[in-house]
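Here's the structure, in structure tokens; my notes come after.
The values are calculated or read from the model by the stated rules, or taken from the named source; none is laboratory data. Predicted, not measured: the structure shown is a model, and the values here were computed from it. Cβ atoms come from the backbone with ideal geometry, glycine included; neighbour counts cover every protein chain shown. SASA here: full protein model, heavy atoms, side chains in, ligands and nucleic acids out. Shrake-Rupley method; radii C 1.70, N 1.55, O 1.52, S 1.80 Å.
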Amino acid sequence: MFFDMKLFYFSMVLNGILILMTFVYITLIDQGQVYTYLHYDLVGNLINIIASQVLLFLIFHLSFSRMKKQQLYYEQVQQAERLKMIANLTAAVAHEIRNPVTVVRGFLQLYQQDPSFDVSDKNKFKLMIDELNTVEHITSQFLTLSKPNGDLKPERVNVKDVLHSVTSLLSSYAMLSDNHIDIDVEEDCTILINTIEFKQLLMNLIKNAVEASEAGMSVSVTARRSRHYIEIRIIDQGSGMSEDEVNSLGTPFYSLKSNGTGLGLMICFNIVKKYGGEIHYHSSKGDGTTVTVRFLAADNKRL
Ligand code: ADP
Ligand code: MG
């Protein structure tokens, strides 16, 4: 009974009703014939019983809240353990990816200097090298999951510039599925964050929005100042999610895509948390999703 709040309150109310009925019976029907002692000091006995009920309630309240706290603590420890394990695993995978990437990039750099290739080929090599650089950034990001990287210092970042560079990178990806990315960003939105991590955050969120959208739909990205905060919204009219699905976001390996990893949002949540921001999902199945990310504006925070 002490471990179930509903059961406790139910038995408490039942107890109260029974006690009341007993006292009514003693005063009106029994009138002290059988229960002389109780009838002799009705008020005193009533106080006595009420006090014992209050005491019972206090004991329940204390032990229950303590138990809840312990449960929460246990869940947090478990989650931390899981995260640590995944961080180690992804770090190992990221490490393994880095080596082949370095080799391929090396060859591309060689070809780039080779005079037997014409300019248009060399431009393609440059694009490939840029993409490999992004892969390397991302893998090194994975490595930072397991060991915090001191190099990733926060800096004053203009949200507009970063959003433009991220969307121009992603628009060709969106075009593949006939989607469009619209941006609407206010001037003077600056926040304190590491640029690489900020790009990674936006990239993951916008990519998810594009992937959730059907062909022909567009994803809208807005950023504006709201009092001391900069609010970035990524809005799609795609598949949307149920409440349960929204609650599972950020859980490692939670993915509904056949080729998904379910790591993107875990990384996003970590980045947002690291810089003291907030991230909220508003979604309904079939209607699309709005992700709101909020950071304190740079002029409200000292470097
Ligand atoms: P991945 O993209 O590799 O599946 P993520 O962590 O980025 O992993 O996302 C986890 C899951 O959350 C996705 O598989 C998808 O089901 C769901 N999701 C995330 N963003 C959206 C969105 N904008 N609309 C609908 N579902 C989403
Ligand atoms: Mg994703």
Restricting segment 268-284 to residues that are near ligand 1 (Cβ under 8 Å from one of its atoms) and within 9 Å of the chain's Cα centre (by Cα), the one farthest from A91 (Cα to Cα) turns out to be Y281
All but one of (1) at pLDDT below 85; (2) at positive phi; (3) in contact with a strand residue (DSSP E or B) (Cβ under 6 Å, 6 or more places away or on another chain) hold for G262, so report the exception by its number.
-> (3)
Test for I191: is it open to solvent by 10 Å² or more (accessible area, probe 1.4 Å) and touching a strand residue (DSSP E or B) at 6+ places or on another chain (Cβ under 8 Å) = no
List pairs: first in segment 41-66 and within 13 Å of F8 (Cβ to Cβ) and in contact (Cβ under 8 Å) with a residue 12 or more places away in the chain, second open to solvent by less than 60 Å² (accessible area, probe 1.4 Å) and in a helix (DSSP H, G or I), Cβ under 6 Å, 6+ apart or cross-chain?
-> F60/F8
Which of (1) more than 10 Å from ligand 1 (Cβ to nearest atom); (2) charged (D, E, K, R); (3) surrounded by 15 or more Cβ atoms within 10 Å (Cβ to Cβ) does D236 not meet, given it meets every other one?
-> (1)
